[in-house]
Structures are given as C-alpha cells and as structure tokens.
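Quick notes on the structure that follows.
What follows is calculated from the coordinates using simple rules that are stated; it is not laboratory data. Bear in mind the structure is a predicted one, so any value in this text is a computation, not a measurement. Because the Cβ atoms are built from the backbone with ideal geometry, glycine has one as well, and the counts that use them run over all protein chains shown.
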Amino acid sequence: MKNNVDRSKKYLNPYLGGILLGLVLLAANYMSGRGLGASGALKSTIISSVNAIAPDHAENSAYYNEYNSTHPEPLKTWLVFQMLGLIVGGFLSGAIAGRLKFKVEHSPKITSKRRLIFALIGGVLFGFGSQLGRGCTSGSALSGMAVMSLGGFITMAAIFGTAFMLAYFLRKNWI
Amino acid sequence: MGPLVINEIISANTNLLIAFLIGIGFGFVLESSGFSSSRKLAGVFYGYDTVVLKVFFTAAITAMIGLLFMSLFGWIDLDLIYINPTYVPSAIAGGAIMGAGFIFGGFCPGTSFCSAAIGKIDAIVFIGGLFIGILIFAEGYSLWEGFYKAGFKGIPKLSESLGLTDGLLAFGVIIAAIGMFYVGEWAEKKFPREEY
C-alpha cells in the first residue's frame with residue numbers, strides 16, 4: 001500500500017493535468033489554428049519513407065498520390081514537429097520524476113512475451129483504425145471534441161465504447 | 001487575433017517551431033499525468049484507475065470553454081480553426097478498431113510515444129504495430145477507399161446537429177463530464193488495486 005501512495009504522489013493530480021492539457025490544446029488552436037495529434041505524424045513518416053524507397057509505387061498508388069499532391073514535403077508538417085516535441089516533453093517529465101527505465105510493463109499474471117504480442121496486435125489495430133477514422137484519440141477524439149466536431153464525438157464514443165465492451169475478454173492482461 | 005498563423009501574424013516556419021514547443025507541453029503533461037503507463041491507461045476500463053477519463057474530459061472542456069471565451073472576447077476567429085470533417089461510417093468503424101487496439105495494446109498513438117520516451121519496451125513494440133497498421137491501410141487503400149469516403153456530412157458541429165447553441169452544448173458536456181468524474185471516483189473506491 002505504501003508503494004502505491006508514494007507512486008500516486010509522484011503523478012500530477014489528474015484534474016490539474018487535464019486543465020494543463022486543455023491549455024496546451026487551446027494554445028495550439030490559438031496559434032496554429034488546429035488541434036493536437038499523433039497518428040498523422042506516423043502517416044507522414046510512412047509516406048515519406050515509401051516516397052524515398054519506392055517512388056514508382058508511391059506514384060502509382062492512390063493513397064500516396066492523394067497525400068503527396070497536397071503535402072509536398074511530408075516530413076515538414078506541423079504534426080511531425082509536434083510529435084518530436086512530445087518525445088522530448090515525455091522524456092523530460094520522466095527524467096525529472098525518476099521514471100526513466102527500460103522495461104516491459106505488464107500484469108504479474110502474464111509473461112512479458114504475452115504482453116509484447118498483445119502490444120503489437122493493439123498497435124496494428126490502432127494504426128489501421130486511426131487512418132480509417134481520420135485521426136486517433138488526440139487528433140480526432142480530443143481535438144475534435146474541443147471544437148465540437150460531430151465526427152470527433154462519434155469517434156470518441158466508438159473508441160471508448162468498444163474498449164469497454166471488449167474489456168471483459170481481455171481482463172487477464174490487465175487485472 | 002488568432003489563429004495567429006492563418007492571420008499571418010506568425011510565419012509558416014515559426015508555426016513549426018510552435019508545433020515543437022506545443023509538443024513538449026503535450027508530452028510533458030501526458031507523462032506527468034501517468035499516461036506513460038499502459039496499466040494506468042487500461043485502468044479506466046476496469047475501474048481501478050480512471051486517470052484517462054479525468055484528464056481527457058477535463059482537457060476537452062477546458063479547451064472548449066477557452067475557445068468560446070476567446071471568441072467572445074474577439075481574440076480568435078472560430079471560423080478559421082480546423083474542424084474535423086464527419087464521415088459517419090468510417091468514424092464509427094475506425095473508432096471501434098481503435099478501441100480494440102486500445103484494450104489489446106494499452107496505448108493510443110500519443111501515449112505510446114510518450115511511454116517509449118521513458119524506456120517502456122511494450123510501447124516501442126506498440127509503435128512498431130502502429131507503423132504496420134498504417135502501412136496495411138495505405139497498401140490496401142483501393143479495397144476500403146469507398147467505405148472510407150462514404151457518408152460525408154461536411155464539417156458539422158455537434159451543437160448544430162442537435163440544434164443547440166455552442167454555449168449550451170458546452171454546458172451539457174461539462175455536466176456530463178462532472179457526472180463521469182463522480183462515477184470515476186466511485187469506481188476507484190469500488191475496484192481498488194494496491195499495486196500495478
């Protein structure tokens with residue numbers, strides 16, 4: 001129990017964290033006229049890589065073509081710079097709080113291997129879903145809700161609703 | 001008056017610097033709030049830790065109210081900010097697939113990078129999965145392009161769809177959020193876990 005108390009003290013109060021995150025999102029809208037995001041930067045990275053490795057393929061494929069026609073330099077985009085900042089910010093916070101450590105975090109009831117297999121599956125699903133849903137939890141759900149986008153509310157409800165529905169079947173992984 | 005870059009008060013290159021600084025704030029807040037731990041994140045689905053719910057909805061209402069007040073004071077033109085377009089079928093299906101990814105993997109894209117930044121190997125593997133998933137979407141695009149572009153509704157606001165003013169909708173969202181915070185606090189007492 002003591003351990004838990006120590007830990008919870010080291011994290012920010014969640015309501016304070018939420019207000020600070022809201023102010024970051026507000027600043028993004030005020031200065032850049034847009035919200036936060038994450039998956040868009042990964043998409044830019046992939047498109048940029050495919051452009052470099054297989055330019056013919058990128059030219060002949062509708063998906064890359066559509067993106068390249070509106071984004072001449074995929075890596076010089078707002079979200080790519082924001083994601084680089086996110087990594088720096090996360091690292092700084094972890095360093096200050098003494099949380100920098102290489103480890104596989106998992107429930108004591110499962111092995112590291114099982115955790116990593118499920119992490120990979122989850123990543124593939126989330127990556128695919130973020131493209132179909134035009135943005136992930138940050139870009140579509142959070143930023144979309146802040147500007148009252150109907151699509152943002154729908155995506156948010158679908159993400160959390162599905163995760164709640166499936167939670168029972170995957171409880172061994174977490175509790 | 002904001003948005004600064006659209007009104008050409010700052011240049012496109014300055015905007016990228018701002019993106020980087022905003023990202024630092026974003027990552028710092030996520031990590032400090034405990035979003036670098038998949039077991040804290042997944043806790044919301046079992047009730048033992050509802051930090052996701054609290055941070056997410058507090059942030060959404062803070063930004064929502066902030067935008068309304070800034071617009072009221074004439075500091076920002078809300079017609080110039082980006083509002084996500086609405087495609088109903090893909091928003092639901094994409095959201096459902098992301099929800100499955102969340103409960104399998106314990107992260108979303110932003111939190112996985114935040115977690116990888118402090119050395120979590122499961123987060124790095126999740127990120128590998130993200131790249132694979134996006135690549136599958138890109139390579140198979142012709143198979144789901146029709147579905148992806150179906151049901152386009154323009155860029156409606158929820159307030160318009162419900163026939164409410166923005167202020168009234170914001171008020172409703174705040175009330176709903178406070179209700180959820182009560183449920184969250186109750187759940188943490190009902191389903192406590194000593195250590196995770």
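Worth pointing out:
- Only helical runs count toward this figure. For chain B, summing -39,500 (n - 2.57) over DSSP H runs of n ≥ 4 and dividing by all residues gives -22000 deg cm²/dmol at 222 nm.
- Average beta carbon contacts from partner chains per residue of A:109-119, 10 Å cutoff: 4
- The trypsin sites (Lys or Arg not before Pro) of segment B:111-196 that meet both conditions, a loop assignment by DSSP and at most 11 other Cβ atoms within 10 Å of the site Cβ, are B:K149.
- Integer Hz, Karplus 6.51/-1.76/1.60 couplings in order for segment A:62-79, x for Gly and Pro: 4, 4, 5, 4, 4, 6, 5, 5, 9, 10, x, 10, x, 7, 9, 10, 3, 5
- Spatially, segment B:47-85 and segment B:1-43 are offset by 14 Å when compared through their Cα centroids.
- Cα shape, segment B:12-190, gyration tensor, a/c 1.5 rule: rounded
- Cα gyration tensor category, rounded, prolate or oblate, for segment A:24-127 with a/c compared to 1.5: oblate
- As a proxy for reagent exposure, B:D166, B:D77, A:D56, B:D49 were ordered by neighbouring Cβ count within 10 angstrom, fewest first; the result is A:D56, B:D77, B:D166, B:D49.
- Counting Cβ atoms of other protein chains within 10 Å of each Cβ in A:54-67 and taking the mean gives 2.
- The dipole here belongs to chain A: it is taken about the Cα centre, uses +1 on the Cβ of Lys and Arg and -1 on the Cβ of Asp and Glu, and is about 1200 debye.
- Degrees, to the nearest 10: A:150-167 long Cα axis against longest axis of chain A: 40 degrees
- For B:L17 and B:F191, the difference between the fully extended length at 0.36 nm per residue and the C-alpha to C-alpha distance is 58.3 nm.
- Equivalent-ellipsoid semi-axes for chain A (Cα gyration tensor, √(5λ), whole Å, largest first): 31, 22, 19.
- When the charge dipole of chain A is built from unit charges on Cβ atoms (+1 for Lys and Arg, -1 for Asp and Glu) and taken about the Cα centre, the candidate among A:H71, A:G37, A:S112 whose Cα reaches farthest toward its positive end is A:S112.
- Counted by neighbouring Cβ atoms within 10 Å, the residues B:S33, A:S48 run from fewest to most as A:S48, B:S33.
- Mean Cα-pair separation over length for chain A, i.e. relative contact order, pairs under 8 Å, 6 or more apart, %: 24 percent
- Only Lys, Arg, Asp and Glu carry charge here, each on its Cβ (+1 for the first two, -1 for the last two); on that basis segment B:1-115 has a dipole of about 400 debye about its Cα centre.
- With loop membership from DSSP and a limit of 14 other Cβ atoms within 10 Å, the longest segment of chain A without trypsin sites (Lys or Arg not before Pro) is A:1-75.
- Along each principal axis, Cα extent of segment A:105-175, largest first, Å: 41, 20, 17
- Mean-position separation - Cα centroids, segment A:81-124 and segment B:117-155, in angstrom: 19 Å
- Rounded to the nearest 20, the Cβ-based charge dipole of the protein assembly as shown about its Cα centre (Lys and Arg +1, Asp and Glu -1) stands at 1560 debye.
- Working from Cα pairs under 8 Å separated by at least six residues, relative contact order for chain B is 32 percent.
- Projecting the Cα positions of B:I92, B:T111, B:I65 onto the charge dipole of segment B:20-126 (unit charges on Cβ atoms of Lys, Arg, Asp and Glu, taken about the Cα centre) puts B:T111 furthest along the positive direction.
- Burial ordering of B:T86, A:T70, A:T77, fewest other beta-carbon atoms within 10 Å first: A:T70, A:T77, B:T86
- Rounded to whole Hz, the Karplus (6.51, -1.76, 1.60) HN-Hα couplings of segment B:109-116, x for glycine and proline: x, x, 5, 5, 5, 4, 6, 4
- Taking amide H positions as modeled 1.01 Å from N, with prolines and chain starts lacking one, the residues under 5 Å from B:L4 and 5 or more places away or on another chain are A:M31, A:S32, A:G33.
- C-alpha long axis of helix A:112-132 to longest principal axis of chain A, angle in °: 40 degrees
- Selection among A:G85, A:Y15, A:A58 by position relative to the dipole of segment A:9-101 gives A:Y15 as farthest towards the positive end (Cβ unit charges, Cα centre).
- Geometric descriptor of the protein assembly as shown, per residue, is 129 Å³ (volume of the convex hull of the Cα atoms).
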